[in-house]
Amino acid sequence: MNNDFPQLKLENQICFPLYACSKELVRRYAPLLEPYNLTYTHYIAMIVIWEKGSVTVSELGKRLLLDSGTLTPVLKKLETHGYVCRERKADDERCVLVSPTEAGWELREKLKDVPAKVGCNVKLDEQEAKTLYYLLYKVIGGFNSSN
């Protein structure tokens, strides 16, 4: 066994536990979202849309850290399922607003317990969860500032 490059050992990679944790969390969402034809990306898009009531595609992309090439098919699928509608703003046709439909608002009621159901898999106390949240956003902020 060669230990010439400790920086290339899996246990020394901060990216690996982040990747593994993200993958496992998203996997826990799948059975809760599948009955509604949602992926995790659809779900987080709906969360922002519910939060705002109506949001531009540009603002939605910024909030989710997704580019339009990723976001457009997500929104098309949500629209196909009848959860959202998209319309151009009257005062600026370059700007597209996304809003929940009646079915989209009903979906919110159906999914309101999803965070708690997934959260019970996370074995952190309240302070640990807050610390992790803060640290993850600090990491994201570092990436955003280096662009």
Practice problem: Please work out if D113 is among the acidic types (D, E), open to solvent by 90 Å² or more (accessible area, probe 1.4 Å) and either under 19 Å from the mean Cα position of the chain (by Cα) or closer than 22 Å to K52 by Cα (or both). | Solution: no
Quiz item: How do the pairs read when you match residues in segment 70-95 that are over 20 Å from G53 (Cβ atoms) and in contact (Cβ under 8 Å) with a residue 12 or more places away in the chain with residues anywhere that are surrounded by 15 or more Cβ atoms within 10 Å (Cβ to Cβ) and of a type in the set (G, A, S), using Cβ under 9 Å and keeping only pairs 6 or more apart or on different chains?
Solution: T70/G61
Exercise. Determine if segment 45-64 includes at least one residue that is in contact (Cβ under 8 Å) with a residue 12 or more places away in the chain, open to solvent by 60 Å² or more (accessible area, probe 1.4 Å) and of a type in the set (D, E, K, R).
Key: yes
Practice problem: Assess whether K77 counts as being open to solvent by less than 70 Å² (accessible area, probe 1.4 Å) and of a type in the set (K, R). | Solution: no
Exercise. Identify, by number, the condition in (1) under 14 Å from the mean Cα position of the chain (by Cα); (2) more than 28 Å from V84 (Cβ to Cβ); (3) among the aliphatic types (A, V, I, L, M) that L18 doesn't meet.
Key: (1)
Quiz item: Out of G142, G104, which single residue is of a type outside the set (A, V, I, L, M, F, W, C), open to solvent by less than 70 Å² (accessible area, probe 1.4 Å), in contact with a strand residue (DSSP E or B) (Cβ under 7 Å, 6 or more places away or on another chain) and within 19 Å of L64 (Cα to Cα)?
Solution: G104
Quiz item: What number of residues within segment 1-26 are open to solvent by 100 Å² or more (accessible area, probe 1.4 Å) and either of a type in the set (S, T, N, Q) or under 30 Å from A116 (Cβ atoms) (or both)?
Solution: 4
Practice problem: Considering each of T41, T70 in turn, give the residue that is at pLDDT below 95 and under 27 Å from I140 (Cβ atoms). | Solution: T70
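The values are calculated or read from the model by the stated rules, or taken from the named source; none is laboratory data. None of the values given here were measured: they were computed from a predicted structure. Neighbour counts are summed over all protein chains in view; Cβ atoms, including those assigned to glycine, are modelled from backbone coordinates with ideal geometry. Heads up: the accessible areas ignore ligands, DNA and RNA and are worked out on the full protein's heavy atoms, side chains in. Shrake-Rupley method; radii C 1.70, N 1.55, O 1.52, S 1.80 Å.
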